[in-house]
Amino acid sequence: MTDAVDGGADSGLTSDEARRRLEKFGPNAMPDSRAHIFRMALEKLWAPVPWMLEAAIVLEIVLGKYLESAIIAALLLFNAALGLFQESRAQATLAALKSRLALNASVLRDGVWKTIDASGLVPGDKVKLSLGAVVAADVTLSAGEILLDQSMLTGESVPIEAGAGAITYAGALVRRGEAVAMVSATGTRTKFGRTAELVRTAHVASSQQNAVLRVVRNLAAFNGVVIAMLVVYAHFLGMPLTEIIPLVLTAVLASIPVALPATFTLAAAIGARSLAKRGVLPTRLSAVDEAATMNVLCADKTGTLTRNALTVTTVRPMSGFDEAHVLALAALASSDGGQDPVDGAIRLAALGKGVSDAPRMLKFVPFDPATKMSEATVKDPDGQTRRVVKGAFAAVMHLTAPAPTATIASRELEKKGFRVLAVAIGNANAMTLAGLIALSDPPRADSAALVDELRRLGVRTVMVTGDAAATAVIVAHSVGLDGVVCPPGPIPDAVQPKQFAVFAGVLPEDKFKLVKAFQKGGHTIGMCGDGANDAPALRQAQIGIAVSTATDVAKSAAGMVLTGPGLAGIVAAVNEGRITFQRILSYTLNSITKKTVQVLFLTVGLIMTGHAVLTPLLMVLIMITGDFLGMSLTTDNVHPSAMPNAWRIGNLTAAGVAMGLGELAFCVTILSLGIYRMGFSITRLQTLAFITIVFGNQATTYTNRERRHLWSSRPSVWLIGSSVLDVLIASTLAIGGIAMASLPASVVTGTLVAAAVFAIVLDLLKVPIFRRLGIQ
């Protein structure tokens, strides 16, 4: 909607009036809404997992356990640092939008044309648009003719001719001509400004974020109940408060999935590094694992499925001419080295169809918007001077004899979405139609293969474009997107991807709404694009993908940027995303297993011994050796799934609890041997409980990492190395009596062997459990 302001007299606005309007409407710029770095850092410390760690730090300090509190604080800061850099993408997008706007504008003020900063323009200003200039505000042309490139705003692949009365938008590029225009909207009220506002407000919580929150919520609910029961039982036993508080602290530490957010980030970073080697640069790490869950791809036509370059598609020569001569004549009537993409496409096509008897140019007259033609005066091989014209079909036909065949051919080509030009040759009074030239923005060579490959991977592709339906359908059919075209008009709120294959004539706001509508239907959306008009939808989608020819605006808004031509990188992103997802799934399953067994083991140990079988320090050591060395699962060898993944937290929690109960049975068995067979003291039992938890966690790590039997695939070198290091650290501490009572080497070795046997037994039970719960 434009601002209703009169344009003023022919002398333009006065300086006083311009100043008044500037105060009323504000500067022709977008407001700076960047978040401060300190605020972003604080937000990383204000979430469920940090809250639990912060509570543990306070308790440790109250108890005078400064070393333990320092270790936990270090873990907290490590998590925060890993996630901090991901929060700057929206600000980068807005900065790129600002940089695209024109810096200066030629404006009529006080009867004098002057150059001012574009931010000083106001509605009602009279501005001059010249060759190569970027339009600084939304304007309505009042005089002159220009060729406008609005592809980065509207998605129109072909520049348009604009004359008096035409409306164009901030950010459009003047390819040819000169015009005077009246400013109708500035700043955030412009079409470009509304795009920036959509980018700023576009947000969707990633499935990764939701998964972390739901896992933490489930663990907190389950372990919270267990801890409450633990406190009640400790009070029932008559334990003093000085023993109950460390017991509660140990239980709280046991229930915190401390490395879960950091592991998600690390796994995505490893996937991002792998994708970078394949020509895909993730700009948001969450986009890596989101690619695994993507089940709908919204592909923009211009520059995404097509080359975003006009090409001569068809040449229809008339009687007495052939394709090569029609192109040669058209090239003579085309500018050489200019910015007009139509002339460039024709000259390029003519080079490939060289003729030996082409006329020689004597004079060239550039395209005239008034006549809709360009022309050249040439001398043919016979020495005769001839006139060659090239332009709009209707304009050229006024100079030639009626040609019903050519008229029918022109209509057929236009129905297919082609831009049709006519070429004629003759003298001033008698012109002969030489032929028709049809131009289009052709599909990329790999687009059809991409669509087919994505279909096999369970991802439905739909075309979303600002172009007309006739053009969109032709391209869609050529790349294998055969289906219903969405009727023109507002996007239905409840639209589903399976209803339509093509959405044409879509505005930037509608692309944004379409992505949100698909997301409301439970779909994970990938959005491809290349222009500023795609930026809001790219930002809103779980995985926005900017193609290699994209503007800085699109690249900033997207979660991934393809650095090479073509769209093969999308398939690579899906496959790598599914590998990353499986690694994160393994760690999450492992984390649920560990947190379940540790809190329950504390409870059972209290019942069996009347004491806490683990101290806060021992639990901190378990967190370090278990949680952080377990991050090596992010490098593990896994099998990507054939279909899109999904976070089924309920089933995942059930599987983790089942595996945790199995490990609990192992831990209780070893503890029972220590109590009733070996008669250990409580301090030795605490050491035994420590190595039992560590070795048991190693066993479940290997059963959880593989959805089939644990021997079905080879673990990564990093995983094996971290396991060896974990076992060596725990064994050295236990045998050497470092920070705990010492145990005989034979007991430590026997526990390790028992854990290996336990892993095999648990693995046999795991396979049917995973199959029943759909853990794949």
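Quick notes
- Nearest 10 degrees, 0 to 90: helix 341-351 Cα axis against the chain principal axis: 80
- Expected 222 nm ellipticity per residue - DSSP helices of 4 or more, -39500 (n - 2.57), all of the chain, to 500: -16000 deg cm²/dmol
- Residues 353, 363, sorted by accessible area with the largest first, give 363, 353 [1.4 Å probe; ligands and nucleic acids excluded].
- Neighbours of residue 400, meaning other residues whose beta-carbon lies under 13 angstrom from its beta-carbon, give a summed charge of +2 when Lys and Arg score +1 and Asp and Glu score -1.
- When the chain is described by a simple charge dipole with +1 on each Lys and Arg Cβ and -1 on each Asp and Glu Cβ, the residue from 42, 647, 293 located farthest towards its positive end is 647.
- Shown is the FRET efficiency for residue 711 and residue 274, computed with R0 = 30 Å from the Cβ-Cβ distance and rounded to the nearest 0.05: 0.70.
- Here the chain is assigned +1 on the Cβ of each Lys and Arg and -1 on the Cβ of each Asp and Glu. Its dipole about the Cα centre then comes out at about 1300 debye.
- Charging the Cβ of each Asp and Glu at -1 and of each Lys and Arg at +1, and nothing else, the dipole of the range 106-153 about its Cα centre rounds to 160 debye.
- Accessible surface of the chain, 1.4 Å probe: 61 percent of it comes from carbon and sulfur atoms.
- Alpha-carbon centroid distance for the pair the range 379-399 / the range 746-765, whole angstrom: 90
- Label-point separation, residue 225 to residue 42 (7 Å along Cα→Cβ), nm: 3.7
- Rounded to the nearest 10 degrees, the inclination of helix 207-237 to the longest alpha-carbon principal axis of the chain is 20 degrees.
- The range 444-456 - phi-based ³J(HN,Hα) in whole Hz, Karplus 6.51/-1.76/1.60, Gly and Pro as x: 5, 5, 9, 5, 5, 5, 4, 4, 5, 5, 5, 4, 5
- Gain upon complete extension [residue 20, residue 646; 0.36 nm per residue less C-alpha separation]: 219.8 nm
- Taking 0.36 nm per residue of separation and subtracting the Cα-Cα distance, full extension of the segment from residue 210 to residue 455 would add 85.5 nm.
- Taking all Cα pairs closer than 8 Å and separated by 6 or more residues, the relative contact order of the range 253-324 comes to 17 percent.
- Note: relative contact order over the chain, using C-alpha pairs below 8 Å and six or more positions apart, is 13 percent.
- Take residue 270: with every protein chain present and a 1.4 Å probe, its accessible area is about 30 Å².
- Within the range 437-576: Cβ-based charge dipole about Cα centre, in debye rounded to nearest 20 (Lys, Arg +1; Asp, Glu -1): 380
- Using a Förster distance of 41 Å, the FRET efficiency for residue 498-residue 761 (Cβ separation, nearest 0.05): 0.35
- Span from the the range 697-728 Cα centroid across to the the range 458-494 one, whole angstrom: 47
- Considering only 62, 417, 537, and ranking their Cα positions along the charge dipole of the chain that arises from unit charges at the beta-carbon of Lys, Arg, Asp and Glu, the one farthest toward the positive end is 62.
- Kirkwood Rh (inverse of mean 1/r, distinct Cα pairs), the chain, angstrom: 30.5
- With R₀ fixed at 60 Å, the C-beta to C-beta distance from residue 351 to residue 776 puts the FRET efficiency at about 0.65.
- Estimated vicinal HN-Hα couplings, Hz - the range 361-367 in sequence order (Karplus 6.51, -1.76, 1.60; Gly, Pro = x): 6, 10, 8, 10, 10, x, 4
- Axis of helix 508-520 versus longest Cα principal axis of the chain: the two differ by about 30°, to the nearest ten degrees.
- Put the Cα centre of the range 608-640 next to the Cα centre of the range 538-607 and the gap is 23 Å.
- Solvent exposure of the range 224-369, expressed per residue, is 41 Å² of accessible area, with all protein chains present and a 1.4 angstrom probe.
- The range 420-453 residues near the modelled residue 379 label - backbone nitrogen below 20 Å, point 7 Å along Cα→Cβ: 425-428
- Spin-label pair residue 116/residue 732, simplified geometry with 7 Å Cα→Cβ offset, distance in nm: 7.3
- Between the residues 329, 233, 171, the greatest Cα displacement towards the positive end of the dipole of the chain, with unit charges on the Cβ of Lys, Arg, Asp and Glu, is found for 233.
The values are calculated or read from the model by the stated rules, or taken from the named source; none is laboratory data. This one's a predicted model, so the numbers in the text were calculated from it and none came from an experiment. Neighbour counts run over all protein chains shown; Cβ positions are idealised from the backbone, glycine included. In case anyone asks, the SASA skips ligands and DNA or RNA and just uses the protein heavy atoms, side chains included. Shrake-Rupley method; radii C 1.70, N 1.55, O 1.52, S 1.80 Å.
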